[in-house]
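I have placed the structure first, in the form of C-alpha cells, so that the comments after it can refer back to it.
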Amino acid sequence: MEGLGAGIINDGTVLVSLGTYITSMMVGEENKLDSVAYWSNPGAVPGEYLYESSGIRRGMATVTWIKDLLGTDIVIKAHEQDMSPEDYLNKLAREVPAGCDGLYTVLHWLARPSHLHERGMMIGFNGTHKGPHMFRSVLEGIAMTMKNHAQAMCNERGIDMTNIVVSGGGSNGDLFMQIFADVFGVPAHRNVVNGSASMGAAICTAIGLKIYPSRQDAIDHMVRRKDTFEPITENVSLYKEINERVYSRINDYTDELLKISHDILYKR
C-alpha cells in the first residue's frame, strides 16, 4: 500500500518510509527468492512485487528520544517562538554544518535478535558540540544508514537510483528532506499526502471500483507531488566521503568491544 500510495514505479525510484521502523522500498515485476540485500513482497496489484531493504529499528523514535533528552528548555523556547519543539530544533540544526563537526550517530537503539550486543552510540564529541549538533547527527545517521541499505538493494537489482520519495511524518521537516537529498545524491520528493499507505488503500479501492483502469492511471490522477529538494553539490561530496570512509566503517571498530561488553553484563 505504501509503495503504491507514494506513486513509485520501476524506474530507479526508491521510497524511504519514516516510521518507528524505517525502511526503503522499490517496485518491480520479478520475485527473486535468493536476494541478500532485500526481500520481495507481493505488490498491491497483480504481477507487481514490492522490494524492501534492511532498515532501522526504533527509527523515528530516536528523533523523539533526542528531543526529550534535550529537555524542557527546548519546549519553552519553542513555545516562546510559537513553534513546535521539532520545528525549533530543525531551526537550530540548520545552523550546524553538514557532518556535524565530526559527531556521528549509530542507530542501534534496538538490537536485532541475532545481534544482541548491538547498541546505539554517538561518537566524535568535542567541547564545541551542543544539542543542535546531536539532533542533526541523528538525522544524518538515519539518512546515511538508509542510503547504504537502499544502495545495496539497487546494486543487487542492477538498477541505478534516480530519485527518492520520502514518506511519513518525518518528511515534514525541510532540513531532513535536504539531508536526504544530499546524502543520497539524488532529488528527494515529498508528496502532498505523505501518509502513503492510506493513499495506497484509496488507489486500490479506485482500481477495484474501476474508477481508473490501471495502477499508473490511478497514480497519475491521485498522487500529487508537494515539492522536491535538489542535492547541494558540495554537501553530496562531503557526505559521500564521510559515509564511505568513516560512518559505514564505525561498526567494524566497535563491534568486538560491544560483544565483550555484552558478555560481561549478560552472560555471567
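Please treat every number below as a calculation from the coordinates, not as lab data. Because the structure is predicted, anything quoted here is derived from the model rather than measured. Using ideal geometry, Cβ is built from the backbone for each residue, glycine included, and neighbour counts are taken over all protein chains shown.
Return the label of the correct value of Rg and Dmax of the Cα atoms in Å, as calculated from the structure shown, out of [x] 19.5, 64; [y] 18.3, 54; [z] 19.6, 67.
From the options [x] 19.5, 64; [y] 18.3, 54; [z] 19.6, 67, the structure gives [x].
Report, to the nearest 10°, how far helix 131-157 tilts away from the longest principal axis of the Cα atoms in the chain, using its own Cα long axis and a range of 0 to 90°.
Helix 131-157 sits roughly 40 degrees off the main axis of the chain.
Assuming 0.36 nm per residue, please report the length gained on full extension of the stretch ILE211 to LYS259 beyond their Cα-Cα distance.
Details: separation 48, 0.36 × 48 = 17.28 nm, distance 5.61 nm.
Separation in residues times 0.36 nm, less the Cα-Cα distance, equals 11.7 nm.
Using just the helices of the chain, give the 222 nm mean residue ellipticity in deg cm²/dmol: DSSP H runs with n ≥ 4 each add -39,500 (n - 2.57), and the total is spread over all residues, rounded to 500. List each step's numbers first, then the result.
On the way: 10 runs with 121 residues, N = 268.
Taken over the chain, the calculation gives -14000 deg cm²/dmol.
Indicate, rounded to the nearest 5 percent, the antiparallel portion of the DSSP beta bridges found entirely in the chain. Each step should come with its number before you reach the end.
On the way: 20 of 27 bridges.
Looking only at bridges with both residues in the chain, the antiparallel portion is about 75 percent.
Round to the nearest 0.05 the FRET efficiency obtained for GLU156 and ILE9 when R0 = 25 Å and r is the Cβ-Cβ distance. Walk me through the intermediate numbers first.
Working: r = 19 Å, r/R0 = 0.76.
After rounding, the FRET efficiency stands at 0.85.
If we count other beta carbons within 10 Å of each Cβ, what is the order of THR20, THR13, fewest first? Numbers along the way, then the final one.
Numbers: THR20 13, THR13 21.
Neighbour counts put them in this order, fewest first: THR20, THR13.
Identify, among VAL14, GLY173, GLY185, the residue whose Cα sits farthest towards the positive end of the charge dipole of the chain, taking +1 on the Cβ of Lys and Arg and -1 on the Cβ of Asp and Glu, with the dipole about the Cα centre.
GLY173
Pick out which of THR254, THR105, THR162 has the largest mean-square fluctuation in a Gaussian network model of the chain, springs linking Cα atoms closer than 10 Å.
THR254
For LEU238 and ASP34, calculate 0.36 nm times their separation in residues minus their Cα-Cα distance, and state this gained length in nm to one decimal.
Numbers: separation 204, 0.36 × 204 = 73.44 nm, distance 3.45 nm.
My answer for the length gained is 70.0 nm.
Quick one: helix 196-208 against the long Cα principal axis of the chain, what's the angle to the nearest 10°, folded into 0 to 90?
10
Only four residue types carry charge here, +1 at the Cβ of Lys and Arg and -1 at the Cβ of Asp and Glu. Report the dipole size of the chain about the Cα centre in Debye, rounded to the nearest 20. Don't jump to the answer; show the numbers that get you there.
Numbers: 25 positive and 32 negative charges, 118 e Å.
About 560 debye.
In which sequence would HIS189, HIS129 go, from the one with the fewest C-beta neighbours within 10 Å to the one with the most? Mind showing how you got there, number by number?
On the way: HIS189 24, HIS129 17.
The order, fewest Cβ neighbours first, is HIS129, HIS189.
Along the Cα-to-Cβ line of ARG249, 7 Å from the Cα, sits a label point; which residues in the stretch 127-169 have backbone N less than 18 Å from it?
What the label zone holds, given the 18 Å backbone N cut-off, is 144-145, 148.
Hull surface divided by four, with the convex hull built on the Cα atoms of the stretch 142-268: how many nm²? Walk me through the numbers on the way to the answer.
Values: hull surface 46.1 nm².
About 11.5 nm², averaged over all directions.
Okay, which of the stretch 1-37 sit inside 19 Å, backbone N to the point 7 Å along the Cα-Cβ direction of ALA202?
1-9, 18
So which of LYS32/LYS210; LYS67/LYS91; LYS77/LYS130; LYS32/LYS147 end up more than 24 Å apart by C-alpha? Write out the running numbers ahead of the final one.
Details: LYS32/LYS210 30 Å; LYS67/LYS91 13 Å; LYS77/LYS130 16 Å; LYS32/LYS147 22 Å.
From LYS32/LYS210; LYS67/LYS91; LYS77/LYS130; LYS32/LYS147, over 24 Å: LYS32/LYS210.
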